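The values are calculated or read from the model by the stated rules, or taken from the named source; none is laboratory data. Just so it is clear, the model here is predicted, and its values are computed rather than measured. Quick reminder, even Gly has a Cβ in these numbers, built from the backbone with ideal geometry, and neighbours come from all protein chains shown. Please note that ligands, DNA and RNA were not included when accessible areas were found on the heavy atoms of the full protein model with its side chains. Shrake-Rupley method; radii C 1.70, N 1.55, O 1.52, S 1.80 Å.
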Amino acid sequence: MAYERLPCGSSSKDSPCFGTLTAMLTYVETLVMDVIRSAYQTAFGAEPSPSFLVIRPTDRPEFGDYTSNIAMLAASHLKTAPRDIGSKLLQAISEQIESDPSHPVSRAEIAGPGFINLFLEPTAVQGSLRSVFDNDLPFGSSDLGKGKTIQVEFVSSNPTGPLTVGHGRQAVLGDVLARLYERIGYKVVREYYFNDEGQQIDLLAQSLWARYQELYGETHDIPENGYQGDYLILVAKALKDEWNRPYSQFDEDAKSRFRHEAVKRMTSLIKRDLRELDVHFDSWFSEADLHQAGKIEATLQLLRDKQGVYEHEGATWLRAEEHGGAKDSVLIRSDGRPTYLMVDIAYHINKHERGFDYVLNVQGADHHAEQTCVKAALRLLGYPDEWLSYAVHQFVSLKEDGQVQKMSTRAGRFVTLHDLTQDLGKDVVRYFMISRKPEAHLDFDLDLARAESSDNPSTYIQYAYTRIRSIFRKAEFVGFEDVNQTDLSLLTEAEELGLMKMLDQFPQVVVHAAIDFAPHALAEYGLNLSRAFHAYYDKHRVLTDNVSLQSARLTLLNAVVIVLGECLAILGMDAPEEM
RNA sequence: GCGCCCGUAGCUCAGGGGACAGAGCAGCGGCCUUCUAAGCCGCUGGCCGAAGGUUCGAAUCCUUCCGGGCGUACCA
């Protein structure tokens, strides 16, 4: 695998890419790039500017396999018309082809305003298949991260109720991003940050107490801003069975008991919901620890030292706006209690002290203002901007028979993640949650998700995997010790070359999905690869009397199943042997 | 009002400077004595929200406007 480092410049995405966008070239792209580069050198006697070196796969067979717009891009620099540049490049490529019998290009054309269209030799494409098996790392993995650590913090919902489908999107998004960063060479720590004390927990305890008293026939209003959901009734019943005594007063003793039980039981509910989705954390970080360790005061002092705060109307404010924040915000309320923002800043200092090279927070779009203020505070303290990234996602609506449901935890009006997972299964939930780009709203189509057919993209991909495994069982194929013993030149069908070119792209997709926070690209890729496989399967027989051909096709399918398996693994979905 | 995100086929969305705009669902029509039909093939369907600009080239970049979501708390 070859790497090129290009200036980042154009990337507006807020991702850990070291200030540079690292472009990785696949096996085939390396061949094509070399052809273009050396043709340019031959034709113009100079190294082309890296910004001219653009190639991409074509979307139409008549345009060849790869195309480059280098002639248009270099036109003003060379003060020459694109078509003229193209002719010279074409001539240089022709000379290359004549002098090199193993040249990867079979022919080249100039088209349209000056595109260089390259038609590849089948051997060049077949060579890429070998690269699937030849790597030191699993195909699609790379060492871009150089073993640096990145902490991914996500979900981080307070233990005040079950997780909703909205949390589910964040859980899957964070987990898939974590898996992606692992694939590109980072050491990843998944962390869940939760608040187990404070005003919300008090409200929770009081709401639970009210439910508890209801069981003794006493009506107590659930506090305003309290938690109305039915789930607390179940908890109250369990507690009644255990304690078997009323608590008529919400005194300090009761408060402490109900708070403790509420947090304990809500936390274990949350852990169950996440486990059911196959989302696991390495670290559970308690906000209370920050308070107890005196980190709030210490952080405030750091900000003071940098002239980052001021007093106004009895409260202490962060000078966020001066440092890129959305607006100045309160850190310490006039009654002396710290705000959520204050604690959040202290938390990020703690993350930094723990030595993570990069930190990635996955959050909902409703936290945007908060994010800019945290960044402002860290900037003030002299942290490099790229240390902290936010992957922001929009909300989820459930759609059933065209009906869209809006949710609110506090009002007790929601569909729980647990119910959704029980209904659809982990794989379907994960696929649907990740299949849209994070910054777009997600309409979760329950009717489609429930379909147990090819209509359902989740099962469609798994079925492709299953079909290949089934062929392997039939052929008693266990994979090749040495792929070089297989005659890949027999793989000349258009569908076969298409599959190989698609496989070749996989490492690119993984890098893009990770550093651009675009895990949906992987879901899309898996779907397209499955489609290409199903079409191939339908048109060409793999198991035949022709031993060499069968062997070559099994090798191709082995590569497909490896990549499909990796796709499913990164998405956190099962790869079933049979369906 | 201001800030962020989103407007692409009837519906849900890919594509985010390149050559006639893609997929799934829905609709219509085909394909199972052969590796799992949870599959394949074909047809139907679009002034890429609107208008200006930048460019050899704009769905894509910029500006304005329109529509939707979120934020704009001494909530978390």
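Could you list all residues from the range A:103-120 that are within 9 Å of RNA strand B (Cβ to nearest atom), of a type outside the set (Asp, Glu) and outside any loop (DSSP other than H, G, I, E, B)? I'd like the intermediate steps shown before the answer.
Quick first cut of the range A:103-120, residues within 9 Å of RNA strand B (Cβ to nearest atom) only: A:109-117.
Applying the additional criterion that residues be of a type outside the set (Asp, Glu) yields A:110-117.
A:110, A:111, A:115, A:116, A:117 - these are the residues of the range A:103-120 that are within 9 Å of RNA strand B (Cβ to nearest atom), of a type outside the set (Asp, Glu) and outside any loop (DSSP other than H, G, I, E, B).
Yes or no, residue by residue, for (1) closer than 30 Å to residue A:429 by Cα; (2) within 31 Å of the chain's Cα centre (by Cα):
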residue: A:216; (1), (2): no, no
residue: A:230; (1), (2): yes, no
residue: A:265; (1), (2): yes, yes
residue: A:273; (1), (2): yes, yes
Exercise for the section: Among the candidates A:278, A:253, A:273, A:289, single out the residue that is surrounded by fewer than 19 Cβ atoms within 10 Å (Cβ to Cβ) and either modelled with pLDDT of 95 or more or not charged (D, E, K, R) (or both). Expected result: A:278
Completion exercise
Condition set within 16 Å of RNA strand B (Cβ to nearest atom) and surrounded by fewer than 15 Cβ atoms within 10 Å (Cβ to Cβ), scope the range A:293-320, selection nearest to the chain's Cα centre (by Cα): answer is A:310
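Take the range A:450-480 and flag every residue that is of a type in the set (Val, Ile, Thr) and either assigned to a helix (DSSP H, G or I) or near RNA strand B (Cβ under 6 Å from one of its atoms) (or both). It would help to see each step written out before you state the result.
Of all residues in the range A:450-480, those of a type in the set (Val, Ile, Thr) come to A:459, A:461, A:466, A:468, A:471, A:478.
Residues satisfying the conditions are A:459, A:461, A:466, A:468, A:471.
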Completion exercise
Of A:173, A:180, A:129, A:163, the only residue that is of a type outside the set (Gly, Ala, Ser) and outside the structural domain of residue A:201 (by TED's automatic domain parsing) is A:129
Problem - Close pairs (8 angstrom Cβ cut-off, 6 or more residues apart or separate chains): within 22 Å of residue A:284 (Cα to Cα) in the range A:190-213, basic (Lys, Arg) anywhere - result: A:197/A:259; A:201/A:259; A:202/A:255; A:202/A:259; A:204/A:259; A:205/A:255; A:205/A:259
Completion exercise
Here the residues within the range A:43-64 that are within 10 Å of RNA strand B (Cβ to nearest atom), over 14 Å from residue A:32 (Cβ atoms) and part of a loop (DSSP other than H, G, I, E, B) are A:59, A:60
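If we scan the range A:187-194, do we find a residue that is within 30 Å of residue A:254 (Cβ to Cβ), hydroxyl-bearing (Ser, Thr, Tyr) and either assigned by TED's automatic domain parsing to the domain that holds residue A:248 or not in a helix (DSSP H, G or I) (or both)? Working first, answer last.
Of the residues in the range A:187-194, the ones within 30 Å of residue A:254 (Cβ to Cβ) are A:192-194.
In the following step, the residues that additionally are hydroxyl-bearing (Ser, Thr, Tyr) were identified as A:192-193.
Add one more test, that the residue is either assigned by TED's automatic domain parsing to the domain that holds residue A:248 or not in a helix (DSSP H, G or I) (or both), and what stays is A:192-193.
Yes, some residue in the range A:187-194 is within 30 Å of residue A:254 (Cβ to Cβ), hydroxyl-bearing (Ser, Thr, Tyr) and either assigned by TED's automatic domain parsing to the domain that holds residue A:248 or not in a helix (DSSP H, G or I) (or both).
Output the number of residues of the range A:177-210 satisfying the condition of being under 25 Å from the mean Cα position of the chain (by Cα), within 10 Å of RNA strand B (Cβ to nearest atom) and of a type in the set (Val, Ile, Thr).
0
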Handout entry: Count - residues of the range A:195-246 that are in contact with a Gly (Cβ under 8 Å, 6 or more places away or on another chain) and either outside the structural domain of residue A:162 (by TED's automatic domain parsing) or not in a helix (DSSP H, G or I) (or both)
Key = 4
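Quick check on this structure: which one of A:540, A:512 is over 28 Å from residue A:142 (Cβ atoms), of a type outside the set (D, E, K, R) and within 12 Å of RNA strand B (Cβ to nearest atom)?
On the way: A:512 fails: over 28 Å from residue A:142 (Cβ atoms).
Result of the check over A:540, A:512: A:540.
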Practice task
Can you tell me which residue within the range A:332-364, out of those that are in contact (Cβ under 8 Å) with a residue 40 or more places away in the chain and of a type in the set (Gly, Ala, Ser), is surrounded by the fewest Cβ atoms within 10 Å (Cβ to Cβ)?
Solution key: A:355
Problem - Filter result for residue A:170 (within 14 Å of RNA strand B (Cβ to nearest atom) and without any contact (Cβ under 8 Å) to a residue 24 or more places away in the chain) - result: no
Practice task
Go through (1) open to solvent by 50 Å² or more (accessible area, probe 1.4 Å); (2) outside any helix (DSSP H, G or I) and name the single condition residue A:67 misses.
Solution key: (1)
Problem - Residue in the range A:491-499 that is modelled with pLDDT under 90, open to solvent by less than 30 Å² (accessible area, probe 1.4 Å) and more than 8 Å from RNA strand B (Cβ to nearest atom) present - result: no
Fill in the blank from the handout: Reported set for the range A:536-579 where residues are open to solvent by less than 30 Å² (accessible area, probe 1.4 Å), of a type in the set (Gly, Ala, Ser) and under 20 Å from residue A:511 (Cβ atoms) is A:559, A:565, A:572
Practice task
Scan the range A:521-535 residue by residue and report those that are open to solvent by 10 Å² or more (accessible area, probe 1.4 Å) and more than 6 Å from RNA strand B (Cβ to nearest atom).
Solution key: A:525, A:527, A:528, A:532
Problem - Residue pairs meeting the criteria (Cβ under 6 Å; at least 6 apart or on separate chains; first of a type in the set (Phe, Trp, Tyr), in the range A:439-456; second open to solvent by less than 90 Å² (accessible area, probe 1.4 Å)) - result: A:444/A:396; A:444/A:398; A:444/A:432
